[in-house]
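The values are calculated or read from the model by the stated rules, or taken from the named source; none is laboratory data. Quantities reported herein were computed from a predicted structural model and do not represent experimental measurements. With ideal geometry, Cβ positions are generated from the backbone for all residues, glycine too; neighbour counts draw on all protein chains shown.
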Amino acid sequence: MHHLDAEELKNLKIFRDLLPDEWTEVYALLNRQKIIEGEQLIREGEQAHTFFIILRGHFMIHYGDGRAVTLNKKGDIIGWSSVIRPFQYTANVTALTAGEVLSIPGDRFLELLQKNAELGDKLVKRVNELVSKRQAID
Amino acid sequence: MTGIEAILHHNGFGMAAVGVTIVFTALVTLSLIISQLHKLLLVWEERETYINKARRMFSLLGPKEVRRAKNGEKQAKAKYIASIKESSRQFNILIQAMGEPFSLPELIRIAESLGIESPYAAVAHLIEGDLIIPDQKGFYLWNHEAYNSLSKRS
């Protein structure tokens, strides 16, 4: 997807530590996707096949018991279950506003992380940082 | 005169070569255009951003345009406040009926069933405006103080 603004995307927190070669490999997996208000991006319990990074818009992660958190920061991540066993989404995600995300096929992303351990470490570290900064739900 | 001799006499090989070159060039040009089409489409989709960038770059906004843009911004802000006031009024009633803390997806579901316009975006704006605040347990509270101060704004 070479029409994506590579420089702009490289500055996203999750990709900031990547070396040029690593970035080239990750960049080849990115797809830009427009989202409309009310669109359900992820359903709880479904097979997790895609990992998303927010570029624009406000998203709600919600669970069957009524709990929810919202995300609206550029670079926030959604759908990390697509690279963690048992590859099943653990929550629903709905767009509260129209927006735009980067989608990454989970299987190809996982393949890349497994192939390149150093790259995997960098990304997992960044993901942990991003997830830990979210609103806590006790 | 027939055969190769006739072809040579009438520049047949030259004409064939020119023909092949024309067709080949046209095909290469066409494939280049098609391969770059996504960039053109992206520019078209993001045309507002590019136009604004170009305007800023060449400082095309004269004093009149600047004034008009400022007025536009003011009007948009007033419209936004009016819209958030209206949706906060509707959601205030809804949340009082639901009780607090409340579930955000449940609030949206009820708002949708009551026919409130754009309930998803309205909730997002109320969160951004700190009228709906998280209780850190996955549920949400209505910010009465912020609502009262918004209601007093003209």
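Search the range B:116-129 for residues that are facing another protein chain (nearest Cβ under 8 Å) and pair each with any residue that is hydroxyl-bearing (Ser, Thr, Tyr) when their beta-carbon atoms are under 6 Å apart and the residues are at least 6 apart or on different chains. What qualifies is B:ALA121/A:THR97; B:ALA124/A:THR97; B:ILE127/A:THR70. Taken over the range B:45-90, residues that are part of a loop (DSSP other than H, G, I, E, B) and either of a type in the set (A, V, I, L, M, F, W, C) or at positive phi (or both) amount to 3. Just checking, how many residues over the range B:15-37 are in a helix (DSSP H, G or I) and modelled with pLDDT under 90? The qualifying residues number 2. Scanning the range A:1-42 for residues that are under 30 Å from B:PRO105 (Cβ atoms) and touching a residue at least 60 places away in the same chain (Cβ under 8 Å) turns up A:LEU12, A:LYS13, A:ILE14, A:LEU30, A:ASN31, A:ARG32, A:GLN33, A:LYS34, A:ILE35, A:ILE36, A:GLU37, A:LEU41. Condition first: among the β-branched types (Val, Ile, Thr), at pLDDT below 90 and farther than 20 Å from A:GLU22 by Cβ. Now tell me which residues in the range A:75-120 satisfy that. A:ILE84, the sole residue that qualifies.
Just to verify a result, which residue in the range B:125-154, among those that are of a type in the set (A, V, I, L, M) and out of contact with any Phe, Trp or Tyr (no Cβ under 9 Å at 6 or more places or on another chain), is modelled with the highest pLDDT? Per the criteria, the residue is B:ALA146.
Condition check: among the aliphatic types (A, V, I, L, M), under 30 Å from B:VAL123 (Cα atoms) and surrounded by fewer than 20 Cβ atoms within 10 Å (Cβ to Cβ). Does A:ALA68 satisfy that? In short, no. Of all positions in the range A:90-105, at least one carries a residue that is charged (D, E, K, R), within 14 Å of chain B (Cβ to nearest Cβ), within 13 Å of the chain's Cα centre (by Cα) and surrounded by fewer than 19 Cβ atoms within 10 Å (Cβ to Cβ). If you filter the range A:48-63 down to residues that are assigned to a loop (DSSP other than H, G, I, E, B) and over 29 Å from B:ILE116 (Cβ atoms), you find that the one that is nearest to the other protein chains (Cβ to nearest Cβ) is A:ALA48. Away from every other protein chain (no Cβ under 12 Å) and not β-branched (Val, Ile, Thr), is that true of A:GLN33? Yes; evaluated as a whole, the condition is true for this residue. Can you find even one residue in the range B:101-108 that is more than 9 Å from chain A (Cβ to nearest Cβ), hydrophobic (A, V, I, L, M, F, W, C) and in contact (Cβ under 8 Å) with a residue 24 or more places away in the chain? Looking through the range B:101-108, at least one residue is more than 9 Å from chain A (Cβ to nearest Cβ), hydrophobic (A, V, I, L, M, F, W, C) and in contact (Cβ under 8 Å) with a residue 24 or more places away in the chain.
A single member of A:GLY45, A:GLY75, A:GLY66 is more than 20 Å from A:LEU123 (Cβ to Cβ), in a loop (DSSP other than H, G, I, E, B) and touching a residue at least 40 places away in the same chain (Cβ under 8 Å), and it is A:GLY45.
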